[in-house]
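Please read the structure below before turning to the comments.
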Amino acid sequence: MNLDRVLVAESDPHLAEIMIIRLSNAGYQLASCNRGDEVLTKALGVKPGVVLIDQYLPLKEGFEVCYELKLHEETREMGIILLTEEEVNLADLFNLGVKVDAQLVKPFNPKEVLVKVNELMAERRAMTYNSFTGFHGWEALKKRITQRIAGGGDCDLLFIDINNFRIYNQCYGFNAGDEALRLLSRLLLEVTDELNTPDIFIAHLHGDDFALMLPVETGAQVGQELIERFDREISQLYLDDDRERGGLLVEKPDGRLEQWPLMGLSIALVSHVQEKYGHPLETKVVGEELIRRSKLRPGSNLLSN
């Protein structure tokens, strides 16, 4: 996602030209299209930070385009400004699965376009992300939890930690550890994509700690699927001897050998966030306690509150 680029999807060529000129003069790089069926392909190619979408695009209407962009993992975090003929209740759209960040009601002043674009770009710059996995961190997740608690709709949270990751890093090296993180990142994307919903947010909190925001009542299903796939694939990152042994033999300072099991997942399910919690830090504290308890058990585990 390039935070200097804007995609304008507008069926009125005159209005599109006005917006392009105003945004270009402000220093943004512009791309445009005028049909709804072109927007996703254009967004995947251009990778803009913000997309402006006409509600009544030909061949595929704006609402459907918004849903499509939020559904796709590579466009999900792009800011969306819906250009409407009359005021639309964005909360109602959200309840229908259509997530829009802002709207402008026609006719509007070109300056309003620049203000909205600047606001959404600033939000995305403030949401730092992990350059290795490409996922946003705790501050971005915290903001979304706050929105849900304030009335943005209920959700489930999964807090995820890789068991025995530290000892694997020590024995195999940091490059091998990176492969374990890549594996988990891939599985997070695969499993959430199979839900076929735009209501997904993946966060890389730090190190080997991740989190997922999911539609309510889906956390247990997703957590179990992650465990099954991770346990099935993680052994491939070990040498034959360690894989057959079921873990690592590590020499302690006193010369004794200690066996460490293969890596697994500890997953904490914090469910019904809007219903049960008043602050995002409460969910994090509960998640961390569940993770701690999960690590006391052998293998991969999912514990819920």
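The values are calculated or read from the model by the stated rules, or taken from the named source; none is laboratory data. Just so it is clear, the model here is predicted, and its values are computed rather than measured. All Cβ positions, even for glycine, are placed from backbone atoms using ideal geometry, and neighbour counts span all protein chains on display.
Some notes on this structure:
- Of the helices (runs of 4 or more DSSP H) entirely within segment 1-110, those holding at least 3 residues that are charged (D, E, K, R) occupy 62-71.
- When Thr133 is tested against the conditions (1) crowded, with 16+ Cβ neighbours inside 10 Å; (2) polar (S, T, N, Q); (3) assigned by TED's automatic domain parsing to the domain that holds Lys276, the lone failure is (3).
- In segment 221-259, the residue that is farthest from the chain's Cα centre (by Cα) out of those that are hydrophobic (A, V, I, L, M, F, W, C) and over 24 Å from Leu188 (Cβ atoms) is Leu257.
- Test: residue in segment 262-277 that is closer than 21 Å to Asp161 by Cα, of a type in the set (D, E, K, R) and free of Cβ contacts under 8 Å to residues at least 60 places away in the same chain: no
- Qualifying residue in segment 214-225 (condition: within 13 Å of Leu157 (Cβ to Cβ), touching a helix residue (DSSP H, G or I) at 6+ places or on another chain (Cβ under 8 Å) and crowded, with 19+ Cβ neighbours inside 10 Å): yes
- Filtered residue count, segment 52-72, keeping only those that are under 24 Å from Leu195 (Cα atoms), of a type in the set (A, V, I, L, M, F, W, C) and at pLDDT 90 or above: 4
- Single residue of segment 24-53 satisfying the filter (among the small types (Gly, Ala, Ser) and over 21 Å from the mean Cα position of the chain (by Cα)) that is surrounded by the fewest Cβ atoms within 10 Å (Cβ to Cβ): Gly27
- Test: residue in segment 83-95 that is of a type outside the set (D, E, K, R), surrounded by fewer than 19 Cβ atoms within 10 Å (Cβ to Cβ), touching a residue at least 24 places away in the same chain (Cβ under 8 Å) and at positive phi: no
- Condition check for Leu265: within 23 Å of the chain's Cα centre (by Cα), at pLDDT 95 or above and within 22 Å of Arg144 (Cβ to Cβ): no
- Subset of segment 217-265 [charged (D, E, K, R) and assigned to a loop (DSSP other than H, G, I, E, B)]: Glu217, Lys252, Asp254, Arg256
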